[in-house]
Amino acid sequence: MMIIFTPDESPFRSENEVFMYGSIDTIPNLPDTTYFLHSDKFGSKDVLAWSPFVQNRLVIVTQKAPSLNKEAHKLCVVDDKLKGKNTDENFLLVKAIVNWADRKRVQAVFKSPPMALLLWFLRGNVEDIDVWRRIAKVQYTLPEDYMEAAIIYGIKPSRKRVVWPKKKGKSKERPPMFRSTDKHWELLIENSISVANTVRADGEIPKGMLRRKAAIKTWL
C-alpha cells in the first residue's frame with residue numbers, strides 16, 4: 001500500500017494496470033492492480049485523502065518534485081530522480097525495508113526484485129550480523145520465499161538515511177577455515193571476537209587484521 005512520485009513509470013509497470021490523467025477517476029482499491037496518475041498537481045491534501053483507499057500502488061507520474069507536508073510525506077515514496085539523483089525501484093524498495101515500521105506494508109511492495117542487486121544495496125545499509133546469518137542460512141538451501149521473509153521481518157526498521165553502497169576495493173583473501181560459499185566471512189570476523197580468535201589461532205589471517213588474540217568478556 002504505497003503512493004509513489006516518479007518521473008518514469010516504466011519500473012512500476014505490472015500485468016494489471018489503470019492509467020489516469022489529470023485527476024483520479026477510478027478508486028485505487030484493488031490489491032493486485034497498479035494505478036498510474038499523470039499529474040503535476042497531486043499534493044498533500046490528495047495524498048491524505050486517497051492513501052486510505054490504496055491497496056497496492058498508486059504511482060504519480062510527474063516531472064515536478066512534490067511539495068508535501070510532514071504527515072503526507074510519511075505516506076509516500078518520492079523517486080530521487082525528482083531530486084536530481086539517479087536511482088531505480090530497487091533503491092526505493094531498500095528505503096522501505098530499512099525505514100518503514102509497518103512490515104506488512106513492506107511485504108506488499110516486495111514484488112520479486114532482482115535478489116542479487118537488492119542484497120548489494122542492503123549490504124551498504126544493514127550492519128546487523130544476525131540478519132546476514134539468517135540470510136546465509138537460507139540463501140542457497142531453501143526457496144526464495146524464506147530469504148524474502150528474512151529480509152522483510154528480520155531487519156529492524158530505523159530512521160537512518162539510506163545510502164548507495166560504496167564500491168569495494170581490492171578484496172581480502174579469505175581465511176582457509178571459511179568455505180568458498182561463506183560470502184559474509186568478513187562480517188563474522190568483524191562482529192564476533194570468538195570467530196576472529198579462531199582465525200588467529202589457525203595462523204593465516206587476512207591483511208590488516210591484528211595477530212594478537214582479543215579478550216572475551218564473560219559474566220560471572
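For the stretch 37-44, the criterion of being at pLDDT 90 or above and part of a helix (DSSP H, G or I) is met by at least one residue.
Residues in the stretch 5-21 that are at pLDDT below 90 and either small (Gly, Ala, Ser) or over 24 Å from the mean Cα position of the chain (by Cα) (or both): Ser10, Ser14.
For the stretch 129-148, the tally of residues that are crowded, with 16+ Cβ neighbours inside 10 Å and of a type outside the set (D, E, K, R) stands at 7.
Of all residues in the stretch 109-130, exactly one satisfies the criterion of being under 28 Å from Cys76 (Cβ atoms) and more than 13 Å from the chain's Cα centre (by Cα), namely Asp128.
Remark: pairs (first residue in the stretch 186-208, within 11 Å of Ile129 (Cβ to Cβ) and of a type outside the set (A, V, I, L, M, F, W, C); second residue surrounded by 13 or more Cβ atoms within 10 Å (Cβ to Cβ) and modelled with pLDDT of 70 or more; Cβ separation under 8 Å; 6+ apart in sequence or on different chains) = Glu190/Ala196; Asn191/Ile129; Ser192/Ile129. The set of residues from the stretch 45-78 being among the hydroxyl-bearing types (Ser, Thr, Tyr) and assigned to a loop (DSSP other than H, G, I, E, B) comprises Thr62, Ser67.
When restricted to residues that are surrounded by 13 or more Cβ atoms within 10 Å (Cβ to Cβ), charged (D, E, K, R) and part of a loop (DSSP other than H, G, I, E, B), the stretch 9-24 contains 1.
The values are calculated or read from the model by the stated rules, or taken from the named source; none is laboratory data. Source: prediction; values computed, not measured. Here Cβ is always computed from backbone atoms with ideal geometry, including for glycine, and neighbour counts include all displayed protein chains.
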